[in-house]
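Reviewing the structure listed below.
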Amino acid sequence: MRFYKYLKKQKHNQRKMWAVLLDPDKVDFQQFKDLLKRIRQAKPDFILVGGSFISKRNVPKLVKKLKKHCELPVLLFPGGPAQITPDADALLLLSLISGRNADYLIGKHVEAAPLLSRSGLEIIPTGYLLIENGHTTSVEYISNTKPIPRNKTDIALATALAGDMLGLKMLYLEAGSGAKKPVPLKMITTISKHSRLPLIVGGGIKTKAQMLKAWAAGADVVVVGTAFENDTFSF
Ligand code: 1GP
């Protein structure tokens, strides 16, 4: 658990982190040098690769190229078993605990387990909580699950605590890619107060101010995908 140890150490030292999320479908390999330059300038702590809906088989190529040209840790954030590649540093084994779709709680994990056990990847079991953001996101549609209502902090907390008690090692509060509204700060504060697990927050973070607020509320890692893709985030 090398990456996880590092994450815990950073959390212990109150060093806030952020990650760029790259959607493999949207990466233009002709412009890869430019992408690397932008990553170097933005200085994230690590890179996430994946998405809830991917139609091309670009994950292995993208991860290989990132590992060849960039020193940052690369973590898989897979929407399904087809996004697994052994060249990454670690994989977030996401269990969509806010939902009640058995496929995303355990089904896809069973399909992926033989491949994962041969892969040598560091596996980080992660409780994934989808939070309502004002419109339907890909992850909500594809996973066929209902997000937790924004004002139901008590339900989000109970879900996070249940994930902790089940032995998950990390929590990811997700508003969904391109979310209109990010995860409510009150929800981040409440969950971070009651759980010792590293807390990742993502979805709809468009500005540095939103990132700083999420950190101040208790997020250990903030994920930026769409705003990095569109080159609209000034870091
Ligand atoms: C989505 O949390 C990530 O899984 C990032 O969302 O694309 O809105 O930054 P954005």
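The values are calculated or read from the model by the stated rules, or taken from the named source; none is laboratory data. Remember, it's a predicted structure, so these values are computed and weren't measured experimentally. Every residue, glycine among them, receives a Cβ derived from its backbone with ideal geometry; neighbour counts consider all protein chains shown. To get the accessible areas, we keep the full protein, side chains included, count just its heavy atoms, and leave off ligands, DNA and RNA. Shrake-Rupley method; radii C 1.70, N 1.55, O 1.52, S 1.80 Å.
General observations
Per-residue answers, yes or no, for (1) surrounded by 17 or more Cβ atoms within 10 Å (Cβ to Cβ); (2) of a type in the set (S, T, N, Q); (3) more than 16 Å from the ligand (Cβ to nearest atom):
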site: Leu93; (1), (2), (3): yes, no, no
site: Leu96; (1), (2), (3): yes, no, no
site: Asp103; (1), (2), (3): no, no, yes
site: Arg118; (1), (2), (3): no, no, yes
site: Gly134; (1), (2), (3): no, no, no
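- Here Phe53, Phe46, Phe32, Phe3 are screened, and the one residue that is under 16 Å from the mean Cα position of the chain (by Cα), in contact (Cβ under 8 Å) with a residue 24 or more places away in the chain and away from the ligand (no atom under 16 Å from the Cβ) is Phe3.
Conditions (1) open to solvent by less than 10 Å² (accessible area, probe 1.4 Å); (2) more than 13 Å from Leu96 (Cβ to Cβ); (3) within 16 Å of the ligand (Cβ to nearest atom), marked per residue:
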| site | (1), (2), (3) |
| --- | --- |
| Thr153 | no, yes, no |
| Ala156 | yes, yes, yes |
| Thr159 | no, no, no |
| Leu171 | yes, no, yes |
| Ser177 | no, yes, yes |
| Lys181 | no, yes, yes |
| Thr189 | no, yes, no |
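- Residue under evaluation Lys65, criteria (1) open to solvent by 40 Å² or more (accessible area, probe 1.4 Å); (2) more than 15 Å from Val27 (Cβ to Cβ); (3) of a type outside the set (Ser, Thr, Tyr), criterion not met: (2)
- Subset of the stretch 30-59 [part of a helix (DSSP H, G or I) and surrounded by 11 or more Cβ atoms within 10 Å (Cβ to Cβ)]: Gln31, Phe32, Asp34, Leu35, Leu36, Lys37, Arg38, Ile39, Arg40, Ala42, Val59
- Of the strands (runs of 3 or more DSSP E) entirely within the stretch 134-235, those holding at least 1 residues that are touching an Asp or Glu at 6+ places or on another chain (Cβ under 7 Å) and within 18 Å of Phe46 (Cα to Cα) occupy 199-202.
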